[in-house]
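Asks: This is the structure I want to talk about, given as structure tokens.
The values are calculated or read from the model by the stated rules, or taken from the named source; none is laboratory data. These numbers were taken from a predicted model, which means no experiment stands behind them. We place every Cβ from the backbone using ideal geometry, glycine too, and count neighbours over all the protein chains shown.
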Amino acid sequence: MSKSVLYFSMSVDGYIAGPDDRPGNPGGDGFDRLHRWFVPDGKRFARPDGAAGELYDEMQATGAVLTGRHTAEQAGHWGGDIHGAPIFVLSHHDPSPAAAAYPLVRYVKDGIVSAMEQAKTAARGRNVMVHGAVTAQGALAAGVVDELAISVVPVLFGAGRRLFDLLPARIELEVLRVIDTPEATHMRYRVR
């Protein structure tokens, strides 16, 4: 059965995007620093050596992606391909014309619960990767996130976009795994 997993790299002070996060500067200033543990040259994904490679393999094996419009459009819809998985974009509006070029990109306008159901069906038993801060917060608030995979990178941003700023209530978590590496501490939690 598919699980929904929120995958994020964040600074020690909780930022998942740096200052000046906007079109033309996706992820804001310093964003690449958060992903250096699996994008060492800032351009290409690379499986890390050692235990962090397990997390990388899990991300690459997801069967669908659920993200928000802001994230999808800033990322150029990832060229229509995140390791061959269908990409579900949560939005209140019709897709931008750019999305029409990508057959794996599907815009969903009828809410986060419906979007997650569609993503889990499309994942065919594999996990759904949840991506984008606003979508992640909405999915947590709606109770449709099963697990969190958070990689805490040893850097303090001091400003930018935080992942957990807008949660409506406390959410209890159960620790499933902790992998400590020089590049990041990778924690996996089950949402209770």
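Asks: When you go through (1) on the phi > 0 side of the Ramachandran plot; (2) touching a residue at least 60 places away in the same chain (Cβ under 8 Å); (3) crowded, with 19+ Cβ neighbours inside 10 Å one by one for GLY14, which number turns out not to apply?
Replies: Just one mismatch for GLY14, condition (3).
Asks: Answer yes or no: is there a residue in segment 54-63 that is closer than 16 Å to TYR7 by Cα and of a type in the set (S, T, N, Q).
Replies: Scanning segment 54-63 turns up at least one residue that is closer than 16 Å to TYR7 by Cα and of a type in the set (S, T, N, Q).
Asks: A follow-up question, please. Please find, among GLY143, GLY132, GLY158, the residue that is closer than 26 Å to ASP21 by Cβ and surrounded by fewer than 16 Cβ atoms within 10 Å (Cβ to Cβ).
Replies: None of the others qualify; the one that does is GLY158.
Asks: Further, regarding this structure: Return a yes/no flag: does segment 107-118 have any residue that is closer than 26 Å to ASP20 by Cβ, touching a Lys or Arg at 6+ places or on another chain (Cβ under 9 Å) and either among the basic types (Lys, Arg) or surrounded by 18 or more Cβ atoms within 10 Å (Cβ to Cβ) (or both).
Replies: no
Asks: Out of the residues in segment 1-39 that are assigned to a loop (DSSP other than H, G, I, E, B) and under 26 Å from GLY63 (Cβ atoms), state the one that is modelled with the lowest pLDDT.
Replies: Step by step, filter segment 1-39, then rank; the result is VAL39.
Asks: On to the next question. Tell me yes or no: at least one residue of segment 51-60 is more than 29 Å from PHE157 (Cα to Cα) and either modelled with pLDDT of 85 or more or not β-branched (Val, Ile, Thr) (or both).
Replies: Taking every residue of segment 51-60 in turn, none turns out to be more than 29 Å from PHE157 (Cα to Cα) and either modelled with pLDDT of 85 or more or not β-branched (Val, Ile, Thr) (or both).
Asks: All but one of (1) closer than 26 Å to ALA51 by Cβ; (2) modelled with pLDDT under 95 hold for PRO103; state the number of the condition that does not hold.
Replies: PRO103 satisfies every listed condition except (1).
Asks: I'm trying to understand the selection: among the residues of segment 17-46, which are small (Gly, Ala, Ser) and surrounded by 13 or more Cβ atoms within 10 Å (Cβ to Cβ)?
Replies: Passing the criteria: ALA17, GLY18, GLY27, GLY28, GLY30, ALA46.
Asks: Is it the case that some residue within segment 82-93 is within 17 Å of MET59 (Cβ to Cβ), without any contact (Cβ under 8 Å) to a residue 24 or more places away in the chain, of a type in the set (Gly, Ala, Ser) and surrounded by fewer than 17 Cβ atoms within 10 Å (Cβ to Cβ)?
Replies: For segment 82-93, residues within 17 Å of MET59 (Cβ to Cβ), without any contact (Cβ under 8 Å) to a residue 24 or more places away in the chain, of a type in the set (Gly, Ala, Ser) and surrounded by fewer than 17 Cβ atoms within 10 Å (Cβ to Cβ): present.
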